[in-house]
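J.: Please see the structure below; I have some questions.
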Amino acid sequence: MRSITDELFMREALLEAEKGRGLVNPNPMVGALIVKDKRIIGRGHHERYGGLHAERNALASCTESPKGATMYVTLEPCCHFGKTPPCTDAIIESELASVVAASLDPNHLVAGKGLQILKEHGIDTKVGVLEKECRRLNEVFFHYITTGKPFVIMKYAMTLDGKIATASGKSKWITGELAREHGHRSRNNYRAIMVGAGTVLEDDPLLTCRIENGRNPIRIICDTRLRIPLDSKIVESAKTVETIVATASADQEAIRRLEEKGIEILSLPERKGHIDLCELMRVLGERKIDSILLEGGAILHAAALESGIVNKVQAYIAPKIFGGILAKSPVAGTGIDDPEEAYHLVNRELTMLGDDILLEYYLESEVKGCLQES
């Protein structure tokens, strides 16, 4: 039976978890409350990667003894030694009466074992309160921990007639200030940002996070032929902002010059005229890069869709019309031949950002590509 009280406290725990956004990758965002006699006597969240988990922070903040109280936590407490001791130990030692979790932890090291240990020590447990909301909050973690590959968000801004630039290539600015600020918050929230060499050549972007106290994402440039200029902003700032160039080129002199500038080179096989994006995702996943904001451009977007690495689409739409048959659209390539072959998107979310609209969708799980091949 669903409890309104349980849901109210779990919503508060979810708000607590949100405070860790952009700071805990590749760990999940987790929030916890300690409730006694329907009063919150402690709260905490996972504050940074490698730091104490939400449960231990909440217990440490208690204003009175937690003995006999209930913990509301957005993810099942861990029961293994990682960078910190098991949270189940702290819960047992505190003599809590019960633990209510939003979701089981998909990590195979936990996966129900945490709640089972608590039960064995006489602590009542409940799971599934606002589970959907918890999974939505931690969509990156749930994907990464189960696949070992980054969660990829394809992001672009376009006019109402579907253009990302004019026929002459000009694109500043399509959307307004609120939408651009939202985009920079995304750069803070996700671990990496990825573009193609064409975007570097045409726009010379910096690809940093320009919000107060923001964290720069790792910059990943897909450059099959090593065309990236040495005097580009990306290269010139590589010693201060972590930058990876993924290439299929064997030009050792070009590789040496980029490495001297502070860029890490990833040599990958070629597939259909560009680097193997599925292999790139595997390699980046091994490096604990759990999420990638894919900002294109259109050629890389097409390759990413075809490879099956895209999980989510963020489309910022401005109330403008550029027109022009040669003006660029968000996805290049040859496209699909039959409407029935389209990439289908589901679970729409709409956000108003001033005069602009943000539409967010997920790719259907049946999408073809490396997700099926792995």
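J.: Report the residue, chosen from Tyr362, Tyr190, Tyr316, that carries the largest GNM mean-square fluctuation when the chain is represented by alpha-carbon nodes joined by springs under 10 Å.
T.: Greatest mean-square fluctuation among the candidates belongs to Tyr362.
J.: Moving on. Any idea what the dipole of the chain comes to, in debye rounded to 20, about its Cα centre with Lys/Arg Cβ at +1 and Asp/Glu Cβ at -1?
T.: 660 debye
J.: Another one. Extension gain Arg136-Ser168, at 0.36 nm per residue separation less the Cα-Cα distance, in nm?
T.: 7.6 nm
J.: Do any GluC sites (Glu not before Pro) in segment 1-79 lie in a DSSP loop with no more than 16 other beta carbon atoms within 10 Å, and if so, which?
T.: Glu47, Glu64
J.: Can you pull out the trypsin sites (Lys or Arg not before Pro) in segment 75-121 that DSSP calls coil and that have at most 14 other Cβ atoms within 10 Å?
T.: Those satisfying the criteria are Lys83.
J.: Next question. Which one of Thr84, Val110, Cys134 has its Cα pushed farthest toward the positive end of the charge dipole of the chain, where Lys and Arg give +1 and Asp and Glu give -1 at the Cβ?
T.: Farthest towards the positive pole: Thr84.
J.: When only the heavy atoms of the protein chains count and the probe is 1.4 Å, how do Met352, Met71 rank by accessible area, highest first?
T.: From most exposed to least exposed: Met352, Met71.
J.: In addition: I'd like the distance between the alpha-carbon centres of segment 73-100 and segment 5-20, rounded to an integer number of Å.
T.: That distance is 17 Å.
J.: Just read off the accessible area of His46 with the full protein assembly in place, 1.4 Å probe, to the nearest 10 Å².
T.: 10 Å²
J.: Ok, one more. Can you sort Glu340, Glu349 by solvent-accessible area, 1.4 Å probe, largest first?
T.: Putting Glu340, Glu349 in descending order of accessible area: Glu340, Glu349.
J.: What is the set of long-range amide H partners of Leu207 at a cut-off below 5 Å, with H atoms built 1.01 Å from backbone N?
T.: Amide H neighbours of Leu207, under 5 Å, 5+ apart: none.
J.: Using helices alone, I'd like the mean residue ellipticity at 222 nm for the chain: each DSSP H run of four-plus residues gives -39500 (n - 2.57), total over residue count, nearest 500.
T.: -8000 deg cm²/dmol
J.: Using only the heavy atoms of the protein chains and a 1.4 Å probe, how would Leu268, Leu160 rank by accessible area, largest first?
T.: Sorted by accessible area, descending: Leu160, Leu268.
J.: Also, I was wondering about something else. Hey, got the dipole for segment 200-319? About the Cα centre, +1 on K and R Cβ, -1 on D and E Cβ, debye to the nearest 20?
T.: So the magnitude is around 240 debye.
J.: Using a Gaussian network model of the chain whose springs link C-alpha atoms within less than 10 Å, name the residue from Ile292, Ile317, Ile92 with the highest mean-square fluctuation.
T.: Comparing Ile292, Ile317, Ile92 in a Gaussian network model of the chain, the most mobile one is Ile92.
The values are calculated or read from the model by the stated rules, or taken from the named source; none is laboratory data. Bear in mind the structure is a predicted one, so any value in this text is a computation, not a measurement. Don't worry about glycine lacking a Cβ; one is built from the backbone with ideal geometry, like all the others, and counts go over all protein chains shown. Protein only, heavy atoms only, side chains kept; ligands, DNA and RNA dropped before computing areas. Shrake-Rupley method; radii C 1.70, N 1.55, O 1.52, S 1.80 Å.
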